[in-house]
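Structure first, commentary second.
The values are calculated or read from the model by the stated rules, or taken from the named source; none is laboratory data. The structure displayed is predicted, hence computed values, not measured ones. Note: ideal-geometry Cβ built from the backbone for every residue, glycine included; neighbour counts use all protein chains shown.
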Amino acid sequence: MTRLFALALTFLTIVVPVHAVEIGDDGLHKQPWFSLTFRDVAEDIEEANAAGKRLAYVFEQRGCIYCREMHETLLSDPEVADYIRENFMVVQFNMFGDEEVTDLDGEVLTERTAARKWGYVFTPTIVFLPDDVSEDSVSQAAVATMPGAFGKWTFLNMFRWVNEKGYESDEHFQTYHARIINEMRAEGRLEGEE
């Protein structure tokens, strides 16, 4: 009986995630530091600016294994979460949701029709908005988009690149990311993951 108990305990240790994350009534994983807004993009940009932060929208869907991985692995990593919390206002969207959204061009949509209009088909998709309000649609105004889940350093470096306004320079994100990884290797700070 003791051996069976030990085997069951080992199985649970392997199967149950170490960083379980709360799931909301909408079926999406939640971070306590995500911002709740009226999803008026122009107002969200102004609110982020007033807080000295950048605005990022994250599109997710119920049952998305990659969204779960992003929450349980990336957003539960203190280095990643602390950087994002300090520098970004993050607003969560349900790719198939019915909450009202007001695009920069003034069109009122639902989360679902916004995702379709803006061309976002993968979850998670993180959309980084500019500092300035324009009359362009979000898909035209976005300074960068990260479709899908990536490893820690790619994920974190995209947030850093946007925060440093790398999109305004000649250094493409992939070049920036490679440079940061090489610097970390040279300093002995890279733990084998990229």
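Number of residues in the range 38-70 that are part of a loop (DSSP other than H, G, I, E, B) and surrounded by fewer than 15 Cβ atoms within 10 Å (Cβ to Cβ) equals 4. Taking the numbered list (1) of a type outside the set (A, V, I, L, M, F, W, C); (2) out of contact with any helix residue (DSSP H, G or I) (no Cβ under 8 Å at 6 or more places or on another chain); (3) under 21 Å from Met89 (Cβ atoms); (4) assigned to a helix (DSSP H, G or I) in turn, Asp136 passes all entries but (4). Of the residues making up the range 78-105, those that are among the charged types (D, E, K, R) and surrounded by fewer than 16 Cβ atoms within 10 Å (Cβ to Cβ) are Glu79, Asp82, Glu86, Asp98, Glu99, Glu100, Asp105. Just wondering, is there one or more residues in the range 34-55 that are at pLDDT 95 or above, closer than 25 Å to Arg116 by Cβ and polar (S, T, N, Q)? Yes, the range 34-55 contains a residue that is at pLDDT 95 or above, closer than 25 Å to Arg116 by Cβ and polar (S, T, N, Q). Put simply, of Val108, Val127 the only residue that is crowded, with 18+ Cβ neighbours inside 10 Å, out of contact with any Gly (no Cβ under 7 Å at 6 or more places or on another chain) and at pLDDT 95 or above is Val127. When Arg85 is tested against (1) over 17 Å from Val138 (Cβ atoms); (2) free of Cβ contacts under 8 Å to residues at least 40 places away in the same chain; (3) among the basic types (Lys, Arg), just one condition goes unmet, and that condition is (2). With respect to the conditions (1) in contact with a Phe, Trp or Tyr (Cβ under 8 Å, 6 or more places away or on another chain); (2) not in a helix (DSSP H, G or I), Ala81 falls short on a single one, namely (2).
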